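Here the structure is laid out as structure tokens; the discussion comes afterwards.
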Amino acid sequence: MRIPCPLCGTRDRREFYYYGSEDYLKRPSDQGMVEDLDNHLFLRDNPAGVMRDVWYHEAGCGAWMVVTRNTISHEVLGSELVAKQKEA
Amino acid sequence: MRYSGLKVITEGLFGNKGWGPAWRNPTPKAEYDAIIIGGGGHGLSTAYYLAKNHGLTNIAVLEKGYLGSGNIGRNTTIVRANYYMPGNSEFYSHSLKLWEGLEAELNYNVMHSQRGQLILAHSDGQRDTLARRGNAMINQGDDAELWTLDQVKDFAPYLDFAQTRFPIYGGLMHKRGGTARHDAVAWGYARGADRRGVDLIQNCEVTGIDIENGVVRGVQTTRGAIRAKKVGMVVAGRSSQVAAMAGMRLPIESHVLQAFVTEGLKPIIDSVISFGMGHFYISQSDKGGLVFGGDLDFYSSYAARGNLPMVEHVMEAAMTLMPMIGRAKVLRSWGGIMDMTPDGSPVIDKTHVEGLFVDAGWNYGGFKAAPASGWCMAHLMATGESHEVARRFRLDRFRSGHVIDEEATGSQHNLH
Ligand SMILES: Cc1cc2nc3c(=O)[nH]c(=O)nc-3n(C[C@H](O)[C@H](O)[C@H](O)COP(=O)(O)OP(=O)(O)OC[C@H]3O[C@@H](n4cnc5c(N)ncnc54)[C@H](O)[C@@H]3O)c2cc1C
Ligand SMILES: [Zn+2]
């Protein structure tokens, strides 16, 4: 499995640090209920099939990206910068 | 049919014609008192102890593939009771005691071999941590010995003691630790449960859980609907999918863990050895293969196979620890789907649905847990109360903060 960095191109998986489901990015507000935090921190998406998850190009350009891939076949379908997503 | 040495000899003399199947192949009934989803080690032992300890025999285990097709038949078979944290400590201690009587209990050779497990220390800090862990084990009533470098050298002279990157300072020996034959554990519990009247139903995937007014009524399967008063979800790597059928989200991420075995070699490693620096562990099977593994691949996966970076990493750890292993040829490698919780500890608990129970989150350590997990899950399903050694394995512990972080790496996903 190689990970496509939108800036560097397709790179060795070892250059990336993995953060799990993109739920990671959907941080609840500080005023939120404890249930919101529980949901955010622990009860994340865990799909068998197509998943969107967060990778950090730690040993590369330092970009954060959301990768779309299949957790059953390990097929990687695409990636997008988190920064770009936030703009949109 | 009871198995015995005499039986083996007489069967041998008469052409082995008298062996029957070890369990029946029943068609599912319309209704059971209890259903266990998942025919792995934990599901089968739950069924066994429901029948044996609680007298519930109108029960079924529903398995989507064949019995033992999941992680129970894919692990590196290490059995130990050397946990530190309250919650884990008493639970694994109980499990090891069950292991010690398992073959007599099941009348089945699970090849449980208490050949000892040695964890190596590579720094003063690690040695101190091992001393602390050893004390916790002794306080729990289990065995632990803090070994000096010379003791380690005597015991395992083939380790690389000359290298300076990860020098060996000593180790923690757990003599009652060891290995067992993984498939045999599934088969032994299956046969034991079947003999007590439990229906083991294979090729039967659960596709839905029927709930009415907050009470479980049964399940939908690829072999039709089956009603049940109680349902236990015991599906390891597939826990998130099955729990979703009851509208639940679990604190679980599924990851792939790989394992490796070499060609058969003459006896060389007569215990389990764990490398303290690289998350690497190795033992030798009775057939002679060196069985070893390392870390997760560290990305969510439902593929029962991993990628090459972790293969390389594990081989590097092996070479660092015992360079002689470079002469052995790897025969096979494979992977299993691990149900990882944020703190690395399991869940055995009720759910928000009456009559629906969950046993999950076994991470990469659930083989040794199979006896006690079944024991405690059966207790919970039969009595409605958590068993005393599993009381801390609560589903809501992340929200309440009562996490059991054995590795002390933090209680978030991706840290274990
Ligand atoms: C490579 C590897 C090495 C390991 N090493 C060790 C070790 O050394 N020591 C240790 O203690 N542990 C180890 N483990 C962990 C251990 O194997 C697991 O924690 C344990 O086996 C999980 O419990 P189980 O046996 O019930 O799981 P499984 O055997 O996976 O059982 C779950 C069953 O549920 C079935 N199922 C899933 N969904 C459905 C459905 N919808 N309907 C019906 N059935 C369903 C599956 O087909 C499967 O048979 C290792 C695991 C792996 C993969
Ligand atoms: Zn990059």
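The values are calculated or read from the model by the stated rules, or taken from the named source; none is laboratory data. Given the structure is predicted, the values throughout are model-derived calculations rather than measurements. Note that we place each Cβ from the backbone using ideal geometry, even for glycine, and neighbour counts take in every protein chain shown. These accessible areas exclude ligands, DNA and RNA; they are computed on the full protein's heavy atoms, side chains included. Shrake-Rupley method; radii C 1.70, N 1.55, O 1.52, S 1.80 Å.
Return the only residue of B:264, B:326, B:289, B:278 being open to solvent by 10 Å² or more (accessible area, probe 1.4 Å), in contact with a Ser or Thr (Cβ under 7 Å, 6 or more places away or on another chain) and more than 17 Å from residue A:71 (Cβ to Cβ).
After ruling out the rest, the residue left standing is B:278.
Taking residue B:121 as meeting all but one of (1) within 16 Å of ligand 1 (Cβ to nearest atom); (2) surrounded by 19 or more Cβ atoms within 10 Å (Cβ to Cβ), write down the number of the exception.
The number of the failed condition is (1).
Look through A:69, A:52 and report the one residue that is more than 10 Å from chain B (Cβ to nearest Cβ) and within 23 Å of residue B:249 (Cα to Cα).
None of the other options fit; the residue is A:52.
Which residue pairs have Cβ atoms under 8 Å apart, sit 6 or more places apart or on different chains, and have a first residue in region B:1-22 that is under 20 Å from residue B:104 (Cβ atoms) and a second that is in a helix (DSSP H, G or I)?
The qualifying pairs are B:1/B:7; B:22/B:187; B:22/B:190; B:22/B:191; B:22/B:194.
Can you name the strands (runs of 3 or more DSSP E) wholly within region B:245-354 that have at least 2 residues being in contact with a helix residue (DSSP H, G or I) (Cβ under 9 Å, 6 or more places away or on another chain) and within 14 Å of chain A (Cβ to nearest Cβ)? Full working, then the answer.
Values: elements: B:253-264, B:272-275, B:280-284, B:289-300, B:330-340, B:347-350.
Output list reads B:253-264, B:289-300, B:330-340.
Given B:220, B:241, which one is assigned to a strand (DSSP E or B), open to solvent by 10 Å² or more (accessible area, probe 1.4 Å) and under 20 Å from residue B:65 (Cβ atoms)?
Among B:220, B:241, only B:220 is assigned to a strand (DSSP E or B), open to solvent by 10 Å² or more (accessible area, probe 1.4 Å) and under 20 Å from residue B:65 (Cβ atoms).
When you check residue B:207 against the structure, is it within 14 Å of ligand 1 (Cβ to nearest atom) and within 14 Å of chain A (Cβ to nearest Cβ), yes or no?
Values: within 14 Å of ligand 1 (Cβ to nearest atom): yes; within 14 Å of chain A (Cβ to nearest Cβ): yes.
Considered against the rule, which asks whether it is within 14 Å of ligand 1 (Cβ to nearest atom) and within 14 Å of chain A (Cβ to nearest Cβ), residue B:207 comes out as yes.
Test residue B:55 against the criterion of being within 14 Å of the chain's Cα centre (by Cα) and in the same structural domain as residue B:376 (by TED's automatic domain parsing), and give yes or no.
no
Pick out the one residue from B:405, B:343, B:396 that is among the charged types (D, E, K, R) and surrounded by 20 or more Cβ atoms within 10 Å (Cβ to Cβ).
Unique residue meeting the criteria: B:343.
Exactly one of these conditions fails for residue A:12: (1) open to solvent by less than 20 Å² (accessible area, probe 1.4 Å); (2) farther than 18 Å from residue A:84 by Cα; (3) within 13 Å of ligand 2 (Cβ to nearest atom). Give me its number.
(1)
For residues that are hydrophobic (A, V, I, L, M, F, W, C) and farther than 13 Å from residue A:24 by Cα, scanning just region A:68-88, find the one that is most open to solvent (accessible area, probe 1.4 Å).
In this case the residue turns out to be A:88.
Cβ contacts < 6 Å: first residue within 14 Å of chain A (Cβ to nearest Cβ), restricted to region B:404-416; second residue of a type in the set (A, V, I, L, M) and open to solvent by 30 Å² or more (accessible area, probe 1.4 Å), any location; separation 6+ or different chain. Result?
Close Cβ pairs satisfying both conditions: B:404/B:85; B:411/B:403.
Return yes when residue A:24 is within 16 Å of ligand 2 (Cβ to nearest atom), surrounded by 15 or more Cβ atoms within 10 Å (Cβ to Cβ) and within 11 Å of chain B (Cβ to nearest Cβ) and no when it is not.
When the stated conditions are applied, residue A:24 does not pass them.
Of everything in region A:55-66 that's open to solvent by 10 Å² or more (accessible area, probe 1.4 Å) and not in a loop (DSSP other than H, G, I, E, B), which residue is nearest to the other protein chains (Cβ to nearest Cβ)?
Once the filter is applied, the top-ranked residue is A:56.
Does residue B:192 satisfy the criteria of being crowded, with 22+ Cβ neighbours inside 10 Å and over 21 Å from residue B:73 (Cβ atoms)?
Against the criterion (crowded, with 22+ Cβ neighbours inside 10 Å and over 21 Å from residue B:73 (Cβ atoms)), residue B:192 does not qualify.
As an exercise: evaluate residue B:143 against (1) charged (D, E, K, R); (2) within 25 Å of the chain's Cα centre (by Cα); (3) open to solvent by 50 Å² or more (accessible area, probe 1.4 Å) and give the number of the one condition it does not meet.
(3)
Pairs under 8 Å by beta carbon, first residue closer than 11 Å to residue B:258 by Cα in region B:313-337, partner open to solvent by 10 Å² or more (accessible area, probe 1.4 Å) and part of a helix (DSSP H, G or I), six or more apart or different chains?
B:333/B:311; B:336/B:71; B:337/B:71; B:337/B:236; B:337/B:238
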